[in-house]
Amino acid sequence: MSKDLSVPPEIPKEDGRPKWDNKFQYILSCIGFAVGLGNVWRFPYLCQIHGGGAFLIPYFIALLFEGIPLLHLELALGQCLRKGSIGAWNTISPYLGGVGVGSWMVSVLVSLYYNTVLTWVMWYFINSFQEPLPWSVCPLNENRTGLNEECYESTAVNYFWYRKTLNITPDVTESGTLQWWLILCLATCWAIVYLCTIRGIETTGKAIYVTAIFPYLVLTVFLIHGLTLPGATDGLAYLFTPNLNTLKNPRVWLDAATQIFFSLSLAFGGLIAFSSYNPPKNDCEKDAVTVAVVNSMTSLYASIPVFSVLGFKATTGYWDCLDRNIISIINEFDLPEESIMRQNYTAWINFLNSSYPEKIAGLKLKSCDFQEFLDQSVSGTGLAFITFTQAIILMPGSQAWAILFFIMLFSLGLSSMFGNIEGVFTPLLELQSISKSIPKELLSGIICLICFLIALCFTLGSGSYWIDIFDSYAGSLPLLVIAFFEVIGVAYVYKIKRFSKDVKWMTGRKPNLYWQITWRFISPLLLLIVFVAFVTLQIQKPPSYTAWNPKYEGFPMKEEKVYPPWVLAICVLLVVLPCVFVPLVALFHLIKRMRRSKDPSLVPPEVFSCQGASSNFSHPKE
Amino acid sequence: FIAFSTNKGILISNVLLCNVTDRVSFWFVVTDSSKNVTTIPGSEVEAAIRLNRNRINSAFLLSDKTLQFLKITSTLSPPVEPSTPVWLIVFGVVLCLIVAGIVFLVVAGIQQRKKNKESTERENLEEKGEVTVTVENGIPCEALDLKAGHINGVFAADDERFTSL
């Protein structure tokens, strides 16, 4: 049977490789993978602290020179080579096989902790069906005379998050016990992931229609509702008012570059896996631009409801502060009710301060500054589980809003999990030894089970500290390293000329000057700069964390603590483990080659090309 | 009502106005006429008020929040808790749905696999019939893999072709 290049549509079928039902599924999967929790709870925060609208400038520059070129590279790579990350890099050059293994390793590490975040979302979701919402009231203390002390000193929302959900320990070294309710939710989450990824893209392709589109619907609903809340416009004005002075701070540029990079989920191997299921003749250039633009637009779109709600929360907080002060004043001076309103509060305060300063000082009134309430910027889990839940209590019909919000977060995270799991699953499927003996369903089941068992560590009392560690160390630096080697590998080992020819064969037109320049020079340079800046910032001060300690004097402020040495060793391990494969595999092949110097099969495959890949049945063996 | 609260025979007599303020607030003193006009200790009055807070509130058509007794904190009622926490019920529902989905997909997968095996056998046999009589040369690799052990099943396969329908 001769493989005719003029009949590409038949080739995938005979290839035995699964394929997408239609192009929309593929695009939706890539978008779902890229659009995740970070778009909702990290981008708005960065906008807020880095001068509002001014942040968009470095953000779009990073998108143009780093995000889109790397994305195009990965999608073209997967589509051309039609293999997962490990197989693809082995094919490019056996010396670069470590890049694929590193990607795979990072996907494993990230899958472990990412699903635990979804566990927390699920826990809040199933608690949203109660009236009143459990995080709106403090429980009583033992003798029922007052509220629980820890809850009273902080807030009910804080209490529910730190005590009722995490049951957090005051220190990362104290592991605490396994929280059984979190174990149940974790099992459920992994069961959902298994259900959706049971047959690889056959099942995720169907699930993605829901998980990728639903968040947009909910965001729209929140947008409309959020804009009707009092104080929404203040929040939005605060978010988007550009402060161009912040651009002088290099930290802003670094944050923009890292945000783009991590937001697009580059270097996980998941994108390579997704595009490897494409027909070879597919316009990957257009796909890359589409996915990147949609991802950025989603970040912007999500920040609008988030900041409307935060503005609303700041406004109600400010009003509450004023009301509390008003009550104290009325009680002290025996004034009639409603004599002091929020509007004439400042006039009254000035009058009273001038006439009875000692009495006013004795009241110990809290100064209510609206700007201060707005300035309380939160990102990450704090935004979702503390700030937003607090805002939801204040809305009428809070159960419905809570349920919607948490389903949206769950869908966002789940579609990103699909990409992570695909990044783990696809390379394993391509190992001949495994794919022959185990059916797909069993392999995905084993992966999910092993991940669930390891992730049980995150349900301990100190679990959330460990998740922060994993997020900061496993999910950041190794990706930069791997992406750097990806670009260098394609540009200088595989050679851009050959890659451009392959892309031309796939898309029908040669990549223009923009791609040539970015692939060859700009993107590697940018990645190097970001990496060096990142490392410099990390080593400037000893890594520390903030702990929730009810016995701390400054409670409810969090206590700043330093990581003990053994934890630091684990952090270093998390960074080094994926990266070390790059030199290790190269060294391994070098040694192998030196031992059998006559063997031609270890020469970089000059004969390889995309046209060859699509007509090649047998996987190149080591 | 103070009389009822303390279960003693006490008469309410003179109301003295003093310290008029803009707010509606008042001081009161409970005296025990049976013991020669001595005031009843504050702690007893406090305990009585605590016991009958509800009745005092309803007499004024007020609530704990609008009628405040200084230094007497109200005993808070605990939030209503159903016997089975609601979240456990919701969790059970979600888990059942997921397990049902998984079982369905796994079973469907096994059935699909059986059907696939039969149909590829059928396909390869049809192919063989079309190519030539000398089948051994033109057997495609996949057929060989799947039909390991059934190479010379051409004649027996004719029956198979019909019965599998």
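The values are calculated or read from the model by the stated rules, or taken from the named source; none is laboratory data. Not measured: the values here are computed from a predicted model. Here the Cβ is made from the backbone with ideal geometry for all residues, glycine too, and neighbour counts use every protein chain on show.
Values computed for the structure shown
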item: Among residues of region A:163-220, those that are surrounded by fewer than 17 Cβ atoms within 10 Å (Cβ to Cβ), within 14 Å of chain B (Cβ to nearest Cβ) and β-branched (Val, Ile, Thr), counted; result: 2
item: Spans of helices (runs of 4 or more DSSP H) in region A:306-399 with at least 2 residues under 30 Å from residue A:219 (Cα atoms); result: A:370-375, A:389-394
item: Residue A:295 vs. criteria buried (at least 20 other Cβ atoms within 10 Å of the Cβ) and either modelled with pLDDT under 85 or of a type outside the set (Asp, Glu) (or both); result: yes
item: Any hit, region B:110-122, residues being facing another protein chain (nearest Cβ under 9 Å) and at pLDDT 85 or above; result: yes
item: Selection within region A:335-358 - in contact with a helix residue (DSSP H, G or I) (Cβ under 6 Å, 6 or more places away or on another chain) and more than 14 Å from chain B (Cβ to nearest Cβ); result: A:342, A:345, A:352, A:353
item: Lone qualifier among A:237, A:273 - being in a helix (DSSP H, G or I) and crowded, with 22+ Cβ neighbours inside 10 Å; result: A:273
item: Among the residues listed as A:186, A:195, A:182, the single one being assigned to a helix (DSSP H, G or I) and without any contact (Cβ under 8 Å) to a residue 40 or more places away in the chain; result: A:195
item: Candidate set from region B:75-98 (those that are at pLDDT 85 or above and facing another protein chain (nearest Cβ under 7 Å)); member that is farthest from the chain's Cα centre (by Cα); result: B:98
item: Selection within region A:477-498 - under 30 Å from the mean Cα position of the chain (by Cα) and under 20 Å from residue A:289 (Cβ atoms); result: A:483, A:486, A:487, A:490, A:491
item: Some residue of region A:214-237 being at pLDDT below 90 and at positive phi; result: yes
item: Filter result (away from every other protein chain (no Cβ under 11 Å), surrounded by 17 or more Cβ atoms within 10 Å (Cβ to Cβ) and of a type outside the set (Phe, Trp, Tyr)) within region A:134-155; result: A:150, A:151, A:154
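Residue-wise test of (1) over 24 Å from the mean Cα position of the chain (by Cα); (2) surrounded by 15 or more Cβ atoms within 10 Å (Cβ to Cβ); (3) in contact (Cβ under 8 Å) with a residue 24 or more places away in the chain; (4) under 17 Å from residue A:476 (Cβ atoms).
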site	(1), (2), (3), (4)
A:562	yes, no, no, no
A:571	no, yes, yes, yes
A:575	no, yes, yes, yes
A:583	yes, no, yes, no
A:588	yes, yes, no, no
